[in-house]
Structure formats: structure tokens, C-alpha cells
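Written out below as C-alpha cells is the structure these notes cover.
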Amino acid sequence: MSSVEHGHTSPTIPPAFEGVRILLADDNFVNQEVVRGFLDGTSATLDVAKNGEAALELFSQTDYDLILMDVNMPVMDGLEATAALRRSPRGRTLPVVALTASDTPEDVERCYNVGMNTMLIKPIQRMQLLQTIAKQLKLPSKPTP
Amino acid sequence: MNTDSQEAAKNAAMPDVTPTFSLATILQFTAGSMESAERIIGLIVDEIPPLLSNLELGHEGADRETLERAAHTLKTHASYVGAEAFREQAERTELLCRTDNTEELPAQVARLATLGHATLNALNSIDWEQLSRDGHPQHE
């Protein structure tokens, strides 16, 4: 089982994420803008879906390295979308990072029960996001000199 | 807002409700960029009114899902701008929805709406030109 990531991070140089393709599923324009800003300056490519159903549609057309999945979305929430991903051969091992503003034990359990790899509690910080992506993709994060 | 809600709003009168926010907080999310902060606060200012409408509609129509979703999103928005009283109230309201606490909800929804309007007014009053000239956040 993975951990719930809160705000604390150790100082590191942000990874470059060359060739990394990330899908963000989040209905909240503000969250979309913040995550986009966090990834500015890296080489990652970011696609955005406004709910779980749209995320599954994009996933069926594109090879992603990682999905950032909001939990509470209209139409199809992140739990249902992740469960569907895990049932597909391509989605079985894809890293899925939950983005949620709720970290009660029940919320945490629900996320891990559907197969999410780790959780970030909103509002997330830039280095926290970059380090979590690097960790999930097994990319090195270099300590700040 | 119906009569019950108006009464609840009076009861939730707010000597302790201050429409504060923190530009320093939003700047944490924009790597110090005032331009990005202005863009994100602009999005938040655009989104708060429909969310407050949903809050009211959800409450009046006893639509707990709409109410909970509006409170949830307002909580996130409040976090980004460091509006702590607003965030706490949104969290409280979301929790009351989840636990189906109909007794406390009217007063708490009214208080959340009041805080939302106050925060919206405060965010709308930011003088971005002056901040750009001064180079420092003026609200804390």
C-alpha cells in the first residue's frame, strides 16, 4: 500500500519529465490551471479531461505514463474511472495519483480499494506534485545542492 | 433564499466572519508569479457566484448532492486563496451534507454563503495594477 502525501517535501531539483505524457482528470478549472502551471518548465505533456468518463475516452486513444485523478467529479468520479482502468489490460499497471481534498480514513480506503497508487491532498504544492510523479515513474529526483 | 434560510442567515450573523484572504498563499501556487496569481484568482472569482447559486438551489431543493459538490469546490477555491474561515465553513457544510445533518445545515449553509460573498468582494477589490507596481501582496 502506498501513502497519503500531504504538503511536506524535501528540496530537490524538479525532474525534467522528458517524453512523459500525463493525463489530468479534474472538473475544476482552477485545479487544471494550477497543475498546468506546476508542470510549466518541465517537458511533460499534459492532457486534461473534465470527468472520469472523458478521461477513459482519452485513455483509450492515447498512451499515458501517469494519470492525475480527481476523486470528486460529476458524470463519472475518479473512483469509478480508476476501477474501469484497472479492468483494462493497458490500465492495470498505469500509475494513478488521486487528487482529493478529503483525507478521511474512509476516503483513503476507497481510493486504495479501487487501485489508486497514491494520494495527494489538495491544495497540492508544486514540488510535492513533481516528486510524486517522479517517484511513481521511478525517475530520479536530485537533492538540491 | 427562502424564509427559513433568511432567518438562519440572521442567526448566523457574523461578528467573527472576516473576509480575509492571503495573496501570499496563492503566490505559493504560482511560484511567485503575480500574473499567474491574477489569472487563477480571476478563475476563482468567475466560479464563486455559480457555486453560491448551486449552494442555494441545492439547499432549497433539498438536493444534497448539488449542495455537497458546491461546498466541496468552494473549499478547494478557498484553500487556494488562503481564506481560512471560508474554507473551514465549506468543509463543515460538506461534512454536514455527508452525514445528512438537516438540523444544522440551514444556518451553516447561510453562513457559508455569507462568507462566500464577502470573500468574493474582497477578491474583486484587489488592485492588480498597484500590486504590480509595489511588487508585494497587500492583503494578509
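Remarks
- Using the Cβ-Cβ distance between B:Gln130 and B:Arg64 with R0 set to 30 Å, the FRET efficiency works out to roughly 0.10.
- What separates the Cα centres of the stretch A:79-145 and the stretch B:81-100 is a distance of 24 Å.
- Residue among A:Glu53, A:Glu109, A:Glu80 with the largest mean-square fluctuation in a Gaussian network model of chain A, springs linking Cα atoms under 10 Å: A:Glu109
- Each residue of the stretch B:75-92 was assigned a 3J(HN,Hα) from its phi angle through the Karplus curve 6.51 cos²θ - 1.76 cosθ + 1.60 (θ = phi - 60°); the sequence is 4, 5, 4, 4, 4, 5, 9, x, 8, 5, 5, 5, 4, 5, 5, 5, 5, 4 Hz, with glycine and proline shown as x.
- For chain A, the share of DSSP beta bridges that are antiparallel, to the nearest 5, is 10%.
- Helix A:78-87 vs. chain A, principal-axis angle (Cα, 0 to 90°, nearest 10): 80 degrees
- Summary value for chain A: 32 percent relative contact order, contacts being C-alpha pairs under 8 angstrom separated by 6+ residues.
- Rounded to the nearest Hz, the phi-derived 3J(HN,Hα) couplings of the stretch B:112-121 under the Karplus curve 6.51 cos²θ - 1.76 cosθ + 1.60 (θ = phi - 60°) are 5, 4, 4, 5, x, 5, 5, 5, 4, 4, where x marks glycine and proline.
- Under 17 Å from the Cα of A:Lys138 - aspartates and glutamates, other chains or at least 8 residues apart: A:Glu5, A:Glu18, A:Asp65
- Value of [θ]222 nm, deg cm²/dmol, for chain A, DSSP H segments ≥ 4, -39500 (n - 2.57) each, nearest 500: -10500 deg cm²/dmol
- 12 Å tail of the calculated P(r), the stretch A:65-119, as % of Cα pairs: 60 percent
- Quick note on the stretch B:44-139: its Rg to Rh ratio, both from C-alpha atoms and Rh being the Kirkwood radius, is 1.06.
Quick note: the coordinates plus some simple rules give every number you see, no bench work behind them. As the structure is a prediction and not an experimental result, all values here were calculated from the model. So basically every Cβ, Gly included, is an ideal-geometry build from the backbone, and we count neighbours across all protein chains shown.
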